[in-house]
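Heads up: the structure comes next, in structure tokens.
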Amino acid sequence: MTTRKDSFLDRLVQKRALARWARAARLADRLSLLALRPLRDDAQRLRREVDRVLHVADARLTQPIIGKDAIPRPTGTDWAWRPELWRGPVSPAGVAAAQNRTMLGHEVSLFHDCKVNEVTLRQIRNRRATDLAPFGLRLEVFRFDGSFLSVVVDLPPDAVQGLRQSHVIRLDCRAETERPLEMFARLNVQHGPNTEQVVRQLPLNHEDIRVEFDLAYSRIHEKRVEKAWVDLIFEGPQMNQVVLRDLTFSRRLRAEI
């Protein structure tokens, strides 16, 4: 950290370092190979550190600010959540030719049965004034010879703590597609040896999407609920790009009549 006392020295050192590298850039095409190799090694080490600073600085200075967690909350919400991939940087940030069960971070996985794998996943930085989430997810599919493709989001333990059949779970999503396709969301609730599933089709005719899973019509055993996850299922995804700018979940008790 620069202080008032040493800021002049820091600027002087930085000025000399920039002058050194500017001179090295001018002379690089005339240096001997013996002199060029150690210079390249120094430049690569410096670039790694500079790239680290730029990565963190860009993430912190770009809007929306990382850590801001504005989530749509309907009246009566007792739980709301945005997965980590849409909140902050994850590792790895991207995977090309992503294999079945590839994970980005700790909560998001890709499932497919492709033999010819031309599927790419990447976390991207949202930069639009209308974006609430700092990050998004870009899914690119070229040739696709499988029968299914889905992105699975594992819900945290809080999502199922005290879960009852009188609960409604809501999914809010901001999505963009390069070409029209069908997309479904399937809520899975594991209770004991059984898994209850509720499926909803996502209306992709506008950017802001909202669907609700009403557990009144499910057969969950409230005292045996263990965990839950949501499959985002893409039908006919070949030669397409899908960007999920935001993804949030909330839970509320259904109004009793």
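The values are calculated or read from the model by the stated rules, or taken from the named source; none is laboratory data. Everything numeric here is computed off the predicted structure, so don't read it as measured data. Note that we place each Cβ from the backbone using ideal geometry, even for glycine, and neighbour counts take in every protein chain shown.
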Pick out the one residue from D246, D231 that is touching a Cys at 6+ places or on another chain (Cβ under 7 Å) and either within 21 Å of V108 (Cβ to Cβ) or of a type outside the set (S, T, Y) (or both). D246
I need every pair where a residue in the range 151-168 that is among the charged types (D, E, K, R) has its Cβ under 8 Å from the Cβ of a residue that is crowded, with 21+ Cβ neighbours inside 10 Å and not in a loop (DSSP other than H, G, I, E, B), sequence separation at least 6 or different chains. D154/V108; R164/L215
Residues that are under 13 Å from R245 (Cα atoms) and at pLDDT 90 or above, at least 1 per element: which strands (runs of 3 or more DSSP E) completely within the range 71-142 meet that? 119-125, 135-141
Give just the number: which of (1) surrounded by fewer than 18 Cβ atoms within 10 Å (Cβ to Cβ); (2) modelled with pLDDT under 95 does K227 not satisfy? (2)
Assuming E226 fulfils every condition listed in (1) over 26 Å from L132 (Cβ atoms); (2) under 22 Å from the mean Cα position of the chain (by Cα) apart from one, which condition is it? (2)
Out of G146, G136, I need the residue that is in contact (Cβ under 8 Å) with a residue 60 or more places away in the chain and small (G, A, S). Which one? G136
L181: surrounded by 15 or more Cβ atoms within 10 Å (Cβ to Cβ), in contact with a Gly (Cβ under 8 Å, 6 or more places away or on another chain) and either touching a residue at least 12 places away in the same chain (Cβ under 8 Å) or closer than 16 Å to R251 by Cβ (or both), yes or no? yes
If I ask for residues that are in contact with a Leu (Cβ under 9 Å, 6 or more places away or on another chain) and either at pLDDT below 80 or hydroxyl-bearing (S, T, Y) (or both), which ones from the range 27-70 would you list? P64, K68, D69, A70
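Of the residues Q241, Q197, Q190, which is loosely packed, with under 14 Cβ neighbours inside 10 Å and at pLDDT 95 or above?
Q197
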Going through I220, I233 one at a time, which residue ends up being modelled with pLDDT under 95 and touching a Lys or Arg at 6+ places or on another chain (Cβ under 9 Å)? I220
Before we move on, is A97 of a type outside the set (S, T, N, Q), on the phi > 0 side of the Ramachandran plot, out of contact with any helix residue (DSSP H, G or I) (no Cβ under 7 Å at 6 or more places or on another chain) and surrounded by fewer than 16 Cβ atoms within 10 Å (Cβ to Cβ)? yes
Somewhere in the range 101-122, is a residue surrounded by fewer than 14 Cβ atoms within 10 Å (Cβ to Cβ), touching a Leu at 6+ places or on another chain (Cβ under 8 Å) and more than 17 Å from D208 (Cα to Cα)? yes
